[in-house]
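Data first, discussion second: the structure below is written as structure tokens.
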Amino acid sequence: MNYISKKEKFNFMSGLAGQNIVYCFIGASFFQYFLTDIALFPPAYVTVLLIIMKVWDGINDPIIGSIVDRHRFKNGEKLRPLLKYTPVPVGVFTVLIFFVFSTEESLLWLRLGYFVIMYLCWDITYTMQDVAIWGMTAVVTPDSNERDRFVQLARTVGSVFYGVFSSVIPMVMEIVARQSGNTLALMTVLFAAIFGLGGALVSAKCYKAQERIRLVEPEQQQTSILECFKLLFQNKMLMLVTLSNLFGALAFGGNLMTYFFKYKIPEISIAGFVLGPLTLTTIFGALTTAPSFLGMLLADKLKIKFKGYRNLLIFIQLCTIVCRVLAWAIGFQGKNIILTIILLAISSFPAGAGSIAQTSLFCDSVDYMEWKTGKRTEGVTFAMQTFFTKISSGITGALGTFALSALGYVAVEDTPGAVYLGTQTQAFETWIWPIVMLTPAVAALLYIIPLLFIKYTPEQKAQVERDLAERRAMAESKAIAE
């Protein structure tokens, strides 16, 4: 039986696309570049900033998730109403984060304070929306096969819009800034107003989805934040997947490609347009990740081939290790960069199914915990997903800026006609290529280890689904009789 109508899917996916356009300003490598080379915060300060931001995430996300699990709105829902009230504040704070009112060193602490406050406000509202959006994937249908298809579609749509806009927006900003003579700081806040606020308003369409699994009464749910955390740490599958994600955050070299292009590759001029480091990073990213979209579309077939999403995730990491090591050995000089692009494109094909696999495992863990404890924990479970998505990007960014600081990096302000080659230290010249290529390979190796301890078999999953279907049918019959 199909519960989700085509119109409902269209509305939810449209809203999800809008949300991912918003997140491309914060979650992509451009955010780190904005802090160091546009807002001109020193790399050491950026490292501290990112750590503070992610410590806040560590406090904020699980608490919001547990509050969501404990609260019911008047209509009996716990997730969907949040999708109505959060888009506007998310959009407004997205714009305010990128407002650079000065780059004067004398105002550094004022600038830092302003940025931290705006980020904290953005993070609270974004977390509430993100928990609700991804929590909906676990309650929009009681059928796990339909849910897996819905998750696959949601992750594909989200990843496509995030991947395209997180690459294209910085490139277009750079081109417009260079052609118009305006600063990247002005272009950033302008584009944040157009796409950040605009995307947030579109994300309100997620409210059109229906919350169908809500048979558990509020008084049967956990009654304290402490119990929420106890349930969280009892969820072994969730803990192992999130630990893998934490190891994956060590792939910080991938965030330094813009710095690599800025200081190691000369600018290219085509038809009067100068291809600067942001544009070159976009082109490189497009060529090396395009096959990942095919991997998303074939995620269900890859799941069958590898006998489950856990095995597929392990295969993805092995491909990353092999291709990254070969790319490092080949190098980037001359035409070798073409071979590097081909290798990374090959590894990106199965990697496209990675986010789908992770979300499906999270949904499985929600079902398993309901089967084991009688309590559904979509809020705190997907708060953990949100938390580790943000903390992973924070760790990646912090390690990246720490590496830049260790290499003696000093930002050279982006100005038309500037020459950047040879302006960095010898340590930067020597280590930037190994860092961008090999740190993702090391992270992939560590990522595999926790996955080896997940023992949730297809047979056990089928048993859990049958038992839950029987419980819900009995609960519904009892409610009708009363």
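In terms of the Cα gyration tensor, with a ≥ b ≥ c the square roots of its eigenvalues, is region 1-69 rounded because a/c is under 1.5, prolate because a/b exceeds b/c, or oblate? Because a/c hits 1.5 or more and a/b fails to exceed b/c, region 1-69 counts as oblate. Compared with the dominant Cα axis of the chain, that is its longest principal axis, helix 225-234 is turned about 80°.
Can you give me the relative contact order of region 303-410 as a percent, contacts being Cα pairs under 8 Å and 6 or more apart?
Computed value for region 303-410: 21 percent relative contact order.
Taken one residue at a time, the phi angles of region 108-113 give Karplus couplings (6.51, -1.76, 1.60, θ = phi - 60°) of 4, 5, 5, 5, 4, x Hz. Gly and Pro are set to x.
Neighbour counting of Cβ atoms within 10 Å sorts the residues Arg111, Arg471, Arg466, Arg324, fewest neighbours leading, into Arg466, Arg471, Arg111, Arg324. Take 72-81, 119-128 and order them by the average number of nearby Cβ atoms within 10 Å per residue, most first; the result is 119-128, 72-81. The 3J(HN,Hα) values that the Karplus relation (6.51, -1.76, 1.60; θ = phi - 60°) gives for region 2-18 are, in residue order, 9, 9, 9, 6, 4, 5, 5, 4, 4, 5, 5, 5, 5, x, 5, 4, x Hz. Gly and Pro appear as x. Can you pick out the pairs among Lys264/Lys335; Lys305/Lys461; Lys9/Lys305; Lys307/Lys455; Lys303/Lys372 whose Cα atoms lie more than 22 Å from each other? In this structure, Lys9/Lys305; Lys303/Lys372 lie more than 22 Å apart at Cα. Among Asp143, Asp61, sorting on how many other beta-carbon atoms sit within 10 Å of each Cβ, with the fewest leading, yields Asp143, Asp61. Computed over region 300-392, the P(r) curve from all C-alpha pair distances, binned at 10 Å from the origin, holds 15, 31, 30, 16, 7, 2, 0 percent per bin. Note that region 154-169 has calculated 3J(HN,Hα) couplings of 5, 5, 5, 4, x, 5, 4, 5, 5, x, 5, 6, 5, 8, 6, 4 Hz, one per residue in order, obtained from phi through the Karplus relation 6.51 cos²θ - 1.76 cosθ + 1.60 (θ = phi - 60°); glycine and proline are x. Ordering 185-197, 87-99 by mean Cβ neighbour count within 10 Å, with the highest value first, yields 87-99, 185-197.
The C-alpha atoms of the chain define a longest principal axis, and helix 309-330 lies at about 10 degrees to it. Fewest-first ordering of Ser477, Ser360 by other beta carbons within 10 Å of each residue's beta carbon gives Ser477, Ser360.
Computed over the alpha-carbon pairs of region 247-354, the distance histogram in 10 Å steps reads 14, 40, 31, 13, 3, 0 percent, short to long.
Please tell me the relative contact order of the chain in percent, rounded to the nearest whole number, where contacts are Cα pairs under 8 Å and at least six residues apart. The partial results should precede the final answer.
Values: 707 pairs, mean separation 136.0, N = 482.
Result for the chain is 28 percent.
For Val140, the residues whose modelled amide H falls within less than 5 Å of its own, excluding neighbours fewer than 5 places apart on the same chain, are Arg212. What share of Cα pairs, in percent, lie more than 32 angstrom apart in the chain? The calculated P(r) of the chain puts 40 percent of pairs beyond 32 Å.
Just the ratio, please: alpha-carbon radius of gyration of region 321-360 over 2.2 N^0.38 Å, N its number of residues.
Working: Rg = 12.6 Å, N = 40, 2.2 N^0.38 = 8.9 Å.
For region 321-360, the normalised Cα radius of gyration comes out at 1.41.
For the chain, the longest principal axis of the alpha carbon atoms and the long axis of helix 378-406 meet at an angle near 20°. Debye-formula intensities of region 64-213, expressed as log10 I(q)/I(0) at q = 0.09, 0.13, 0.15, 0.17 Å⁻¹, are -0.38, -0.73, -0.89, -1.05 (one equal scatterer per alpha-carbon, no solvent). Once backbone amide H atoms are built at 1.01 Å from N, Leu275 has Ile268, Ser269, Ile270 as its partners under 5 Å, excluding neighbours fewer than 5 places away on the same chain.
Where a number appears in this text, it was derived from the coordinates with a stated rule and is not lab data. Predicted model only: the values in this text are computed from it and were never measured. Reconstructed Cβ throughout: ideal geometry from the backbone, glycine too, with neighbour counts over all protein chains shown.
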